[in-house]
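Written below as structure tokens is the structure these notes are about.
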Amino acid sequence: MIIAVQRVLKAKVVINHSIYSSIDCGALIFLGVHTNDTEKDAQYLAQKISRLRIFADQGGKMNKNINQIEGSFLVVSQFTLYGDISKGNRPSFLHSANPDYAKELYDYFIDLLKMNKNIVKTGKFGSNMMIELVNDGPVTLILESKR
């Protein structure tokens, strides 16, 4: 699994010109599922992201995690994170998991975040979504479960 996490002041998911979900201060997570991913990958990333210290303390250093700032996660599925553009000009998505399996691990990842006492909002899996965000920093990190 791969996630792109962005520290945000606010973010929202818009579907068909209506707000589907939104958060204030927290982290926007784009989640991609690889064909070889398992529940262990979801467990690793959920644990890692819940403890990730990317929020500023009083001194301005990244020392606080999401719970310490009383922030929220907004998790959005994004199969294109496994798009391969090494050959040609059109991405290949051979490494992206099939939608049924990807949704299963996406939902499992969300459940794990919630079990860690995190506030979690989501996009709508498989939908065409517009994501609006105000990146804080900017801070954007990529985490992969296989590294």
Simple label model, 7 Å out from Cα along Cβ direction - ILE119 to THR140, nm: 2.5
Per-residue Cβ neighbour rank within 10 angstrom, fewest leading, TYR44, TYR106: TYR44, TYR106
Theoretical ellipticity at 222 nm over the chain - DSSP helices of four or more residues, -39500 (n - 2.57) apiece, nearest 500: -6500 deg cm²/dmol
Label-point separation in nm, GLU70 to ARG90, each point 7 Å along Cα→Cβ: 5.1
Label assignment, Rg and Dmax of the Cα atoms in Å derived from the structure, set [x] 15.1, 48; [y] 17.4, 58; [z] 20.4, 63: [x]
Gyration tensor (alpha-carbon) shape descriptor, segment 1-62, a/c threshold 1.5: oblate
All aspartates and glutamates inside 13 Å of LYS48 as judged from Cα atoms, apart from same-chain residues fewer than 8 positions distant: GLU144
Net lengthening on full extension, GLU132/ASP111 (0.36 nm per residue, minus Cα-Cα): 5.2 nm
Segment 64-147: C-alpha gyration tensor shape, a/c 1.5 cut-off, then a/b vs b/c: prolate
Rough spin-label spacing in nm, given labels placed 7 Å along Cα→Cβ, for GLU39 and ASP24: 3.6
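Every read-out reported here was derived from the displayed coordinates using simple, explicitly stated rules and does not represent laboratory data. Since the structure is predicted, the reported quantities are computational estimates derived from the model, not experimental observations. All Cβ positions, even for glycine, are placed from backbone atoms using ideal geometry, and neighbour counts span all protein chains on display.
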